[in-house]
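Read the structure below first, then the notes.
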Amino acid sequence: MGARVLDAETRRLYEASISQTAIPNLDGLLNFILENINICTDKPGMLDKTSKKVKNVRSGKSSFATTSSPKSSKCLCCQHDHMLYRCFVFKRKPVLDRRKFVTDKSLCFICLASGHTANKCTTTYTCKKCEGRHNTMLHLPTESADTSEKSGNAIVHTEKTSQKPTGSSASFSGNLSAETTVVLGTAVIRVQDDAGLLHPIRVLLDNGSQVSAMTLSCATKLGLKRHKNRNDVYALSQQLITRLKGVTQCEFIPSLSEYPRFNVTNVVVISQITSLMPSQPLPNAVRRRYGHLHLADPKFDCPGPIDMLIGCDVYPMLLFSKAEIINCPGLPSAMHTHLGWVINGPLQDVTPSSSTLLTITSTPPVEDMLQQFWTVEEPGSPAIKTTEDELCEDWFKKTVSRDLTGRFVVALPFRTRINLPTEVKSPDTGSVKLGSSRTMALNRLYNLERRLMKDPELYSAYKQFMNEYLSLGHMQPASIPGKYFIPHHAVAKRNNGKLKIRVVFDASAKTSTGYSLNDCLVTGPKLQLDISDVLLRSRFHRYLFVADIEKMYRQINICEEDRVYQHILWRDTPNEEVREFQLCTITYGVSAAPFLAIRCLH
């Protein structure tokens, strides 16, 4: 009697499922109905009468595609008029036979329909037993959630953890199972900025990504030009990444050597690539095993931010022709690359970590808040000078003088000078740590010229600045060889079509000994006031006088003995011979310049 209330198709399936000799009972009927309910709920995306009605009512594009089912509803297994997921002949087959049947018929592993594969299936349903991207009837007992996640994606790196993720990862990481974590390979490289300078950044090596990516903050720091992205980029499960910040290109070298040089022409710029890598500190056993190698990332076992992702467009070029890999049971492997030894692979028995968040809200008394208000309004007291500051002050008093025109003449405060009770005209002891720097400055000049040749307007403005520097007497042709060469580059900004240029002198450039001019100088005490202190102190006076000293640093001369430490290389055109000049005034970019200039003003 219970079977009479079933529709004709379901009743026919029920009669086909029962044995010809057994007597039907109510329990068997209920089990049949529940089993069919589970199958039907797995497939709400198949075309039935209800979905056809909805499709007719709603016009235009739909966010839930139903084009994965064939127009005919004839079963491919028994040739009857029902869908494959309702076929009892198919359900009686072992799981391996079902998977083989789906593979042979080129059916989708998720919805069991023809016309597309699992990586292009638009349904969002997963296996009810393991939450993997396959149909429940194709589930293997030993199958885990990561079985069908291995489809081709644009930027995907998955980290296995023994607990739930502790931080967000901008849809680039996934939570998997087991007592194993997968260590992803990281490295430290040196990327060239728009001025030709090299900056160390931390990268993630991912040969499963079809493109390379860089964070927006890193691209901005390097000053790389970005262009509009004309291609779509997809992440895990074909999820479209919509908030792209453009495409750029960069050039980098290993952190351990000057070659080889890699050029990446298509780097996608996004806000965030992933969370900290690794997600938790690795055991000390990994460091003890591989600590003797020249590691591509010296801090591979400490969680840290990722600035760039190197995808498969560059990854093969990082490998040697003969791969050299060190394996250790229970620990990640070490792979030798042009960047150094990269640590990656599964790590067994990682102790789960936990984090506790405690939020406390405290409201201070009104009296304390009022007291704090008056404290903030009170002008700050002068900073306490250190011993080095006092020595620098004494050195300034000994060496400062005025020339015939009334201009101040100061000497550079070398550490070796101010710490010795010597006279001003004593033998030079300031360059004991400085090595050769001419080759470095010459290479920087060549890089600058290549950049300027690409922008004629910038080149013209740069030459105008250098000619003005020379005509004002702030720079002179050098008569003796220099002891330190300061490289220089341009910082340009366009506003309303007008180009503004600022020439930066890099006195922090290292010499052959690893020391720079700024390393050998004392910065001196901080003499300039904060703007808040200036505004507060201005209330003590009835009248205020505001003035701007034009080219303030360049109004103060450097003594002739110290100008050998302020030599630069320059030529108007690449066809001319490189000339050597000396900077005669205080140079911005030198660490002691603010102290010397403001001390003269006082």
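The values are calculated or read from the model by the stated rules, or taken from the named source; none is laboratory data. From a predicted model like this one, the values you see are computed outputs, not experimental measurements. Neighbour counts are summed over all protein chains in view; Cβ atoms, including those assigned to glycine, are modelled from backbone coordinates with ideal geometry.
So here's what we get for this one:
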| quantity | calculated |
| --- | --- |
| Filtered residue count, segment 261-284, keeping only those that are over 28 Å from residue 210 (Cα atoms) and free of Cβ contacts under 8 Å to residues at least 24 places away in the same chain | 2 |
| Test: residue in segment 544-565 that is aromatic (Phe, Trp, Tyr) and surrounded by fewer than 17 Cβ atoms within 10 Å (Cβ to Cβ) | yes |
| Residue check for residue 461: closer than 23 Å to residue 557 by Cα and assigned by the TED database to the domain that holds residue 559 | no |
| Failed item in (1) closer than 30 Å to residue 196 by Cα; (2) polar (S, T, N, Q); (3) not in a loop (DSSP other than H, G, I, E, B), with residue 327 passing the rest | (1) |
| Within segment 59-100, considering residues that are over 16 Å from residue 12 (Cβ atoms) and loosely packed, with under 10 Cβ neighbours inside 10 Å, the one modelled with the highest pLDDT | 94 |
| Residues (in a loop (DSSP other than H, G, I, E, B), among the charged types (D, E, K, R), under 40 Å from the mean Cα position of the chain (by Cα) and surrounded by 12 or more Cβ atoms within 10 Å (Cβ to Cβ)) located in segment 428-485 | 433, 455, 483 |
| Test for residue 26: is it over 21 Å from residue 81 (Cβ atoms), within 55 Å of the chain's Cα centre (by Cα), of a type outside the set (Val, Ile, Thr) and modelled with pLDDT of 70 or more | no |
| Residue list for segment 517-548, restricted to those being in a loop (DSSP other than H, G, I, E, B), of a type outside the set (Asp, Glu) and without any contact (Cβ under 8 Å) to a residue 12 or more places away in the chain | 529, 539, 540, 541, 542, 543, 544, 545, 546, 547 |
| Residue pairs meeting the criteria (Cβ under 7 Å; at least 6 apart or on separate chains; first farther than 10 Å from residue 568 by Cα, in segment 432-448; second among the aromatic types (Phe, Trp, Tyr)) | 433/515; 434/484; 434/515; 437/484; 437/485 |
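Per-residue answers, yes or no, for (1) over 27 Å from the mean Cα position of the chain (by Cα); (2) in contact (Cβ under 8 Å) with a residue 12 or more places away in the chain; (3) under 13 Å from residue 187 (Cα atoms); (4) not assigned by the TED database to the domain that holds residue 338:
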{"residue": "286", "(1), (2), (3), (4)": "no, yes, no, no"}
{"residue": "293", "(1), (2), (3), (4)": "no, yes, no, no"}
{"residue": "313", "(1), (2), (3), (4)": "no, yes, no, no"}
{"residue": "321", "(1), (2), (3), (4)": "yes, no, no, no"}
{"residue": "328", "(1), (2), (3), (4)": "yes, yes, no, no"}
